[in-house]
1. Is it the case that Phe53 is without any contact (Cβ under 8 Å) to a residue 60 or more places away in the chain, open to solvent by 40 Å² or more (accessible area, probe 1.4 Å) and out of contact with any Pro (no Cβ under 8 Å at 6 or more places or on another chain)?
2. Check the stretch 174-190 and report whether any residue there is touching a residue at least 40 places away in the same chain (Cβ under 8 Å) and over 26 Å from Gly291 (Cα atoms).
3. Need the failing condition index for Phe115 against (1) closer than 30 Å to Asn148 by Cα; (2) of a type outside the set (Gly, Ala, Ser); (3) open to solvent by less than 20 Å² (accessible area, probe 1.4 Å), just the number.
4. Kindly check whether there is at least one residue in the stretch 120-129 that is at pLDDT below 95, outside any helix (DSSP H, G or I) and either in contact with a strand residue (DSSP E or B) (Cβ under 9 Å, 6 or more places away or on another chain) or open to solvent by 20 Å² or more (accessible area, probe 1.4 Å) (or both).
5. What tally of residues in the stretch 229-269 results from selecting those that are away from the ligand (no atom under 16 Å from the Cβ) and under 30 Å from Val27 (Cα atoms)?
6. Just to check your reading of the model, which residue among Leu253, Leu292 is assigned by TED's automatic domain parsing to the domain that holds Ile220 and open to solvent by less than 30 Å² (accessible area, probe 1.4 Å)?
7. Among (1) of a type in the set (S, T, N, Q); (2) closer than 30 Å to Gln296 by Cα; (3) surrounded by fewer than 18 Cβ atoms within 10 Å (Cβ to Cβ), there is one condition Thr184 misses while meeting the rest; what is its number?
8. Which one of Arg75, Arg66 is modelled with pLDDT under 95, open to solvent by 80 Å² or more (accessible area, probe 1.4 Å) and not aromatic (Phe, Trp, Tyr)?
Amino acid sequence: MTQIKNIGVYTSGGDSPGMNAAIRAVVRTAIYYNLEVTGIRRGYDGMIKGDLFPMNRKSVSNIIGRGGTILKTARSEQFKTPEGRKLAHEQLLANGVDALVAIGGDGTFTGARIFGEEFDFPIVGLPGTIDNDLCGTDFTIGYDTAINTVINAVDKIRDTAESHDRLFIVEVMGRDSGLIALRTGIASGAEAILIPESKTDLAAVFERLESGRKDKSSKIIMVAESGEVSDAFEIGKQIKERFPQYDTRISILGHIQRGGRPSCMDRVLASRVGVAAVEGLMKGHRNEMVGLIHNQIAFTPFEHAIKHNIDINEDFLKIVEILSI
Ligand code: F6P
């Protein structure tokens, strides 16, 4: 095993609150162990273009509580090509980078896995996505902040819904996953949740609205953007046709879910996995993501982390059914 001297760190894909805390942890841990650390701006795009710069302990001062990512982020089409990856490899070598910490989600790790194998390059990943849709970690960095952003927004929607006796369809993020909708649906007392992983379809929601209490003044239906029936406007149209008695409104929360100061949980998660990533690289880990399973550090090969076979806890859906009577 060759000794690592210079770790490159980057954020890629959709940003998530806590990415800065993760960058800080990687930079400070590398310096603590007398390694050099190189920041790579705008993920794989910056790697290809050679947008690399040396980082020191001051580069990450006062960022633990900041949303977004100081390294910026991007989704790179060029990195999906062998030519793009070859250019990226050349830039890493030219800058003396001999290992990488990738912070992102499934797209980031898909790229990292291919690159790591292609060039026999040591890479460890940190789970940075609001979607929580990675295997090998109980929670991803940003998820806790995002779900708290959602319930703060839905609490406000609930106030106005209550005043006007309205039904609101609230659409939340989650490209391939309903995990944001699932937890925030419970936490905001939704009537029903529509997520891609469950069998709940619009007919079941209609049924629930029909059989539910008529004297409830406000109703919330939580919809994941990625579901089979994910178009909040289409759902709204159908509900209006079928239940003209409800004054129905649609609210799409959008990118506010990706911003804001990270929660304490996200800062601590980012710090723990950030330290573990650098220590893991030094011990010879590669092509793996570092997560927390049952509150313990765990390394999971990229190919398993990005499998998209996360089981939904069916109890959660039952809880919504029971508690929304
Ligand atoms: O993966 C994170 C995520 O926020 C998804 O939930 C969402 O579908 C997607 O990114 C949105 O991406 P963009 O920033 O390209 O709009």
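The values are calculated or read from the model by the stated rules, or taken from the named source; none is laboratory data. Since this is a predicted model, take the numbers as computed values, not measurements. Please note: Cβ atoms are built from the backbone with ideal geometry, for glycine as well, and neighbour counts cover all protein chains shown. For accessibility, only protein heavy atoms count, side chains too; no ligands or nucleic acids. Shrake-Rupley method; radii C 1.70, N 1.55, O 1.52, S 1.80 Å.
1. Here the answer is yes, as Phe53 does meet what is asked.
2. Of all residues in the stretch 174-190, those touching a residue at least 40 places away in the same chain (Cβ under 8 Å) come to 174-183, 185-187, 189-190.
Now drop any that are not over 26 Å from Gly291 (Cα atoms), which leaves 189-190.
Looking for residues that are touching a residue at least 40 places away in the same chain (Cβ under 8 Å) and over 26 Å from Gly291 (Cα atoms), one finds at least one in the stretch 174-190, hence yes.
3. Status for Phe115: all satisfied but (1).
4. Our first condition is that a residue be at pLDDT below 95; within the stretch 120-129, this holds for none.
No; the residues of the stretch 120-129 include none that is at pLDDT below 95, outside any helix (DSSP H, G or I) and either in contact with a strand residue (DSSP E or B) (Cβ under 9 Å, 6 or more places away or on another chain) or open to solvent by 20 Å² or more (accessible area, probe 1.4 Å) (or both).
5. Looking only at that region, the number is 7.
6. Details: Leu292 fails: assigned by TED's automatic domain parsing to the domain that holds Ile220.
The match here is Leu253.
7. Of the numbered conditions (1) of a type in the set (S, T, N, Q); (2) closer than 30 Å to Gln296 by Cα; (3) surrounded by fewer than 18 Cβ atoms within 10 Å (Cβ to Cβ), the odd one out for Thr184 is (3).
8. Values: Arg66 fails: modelled with pLDDT under 95.
Within the list Arg75, Arg66, the selection yields Arg75.
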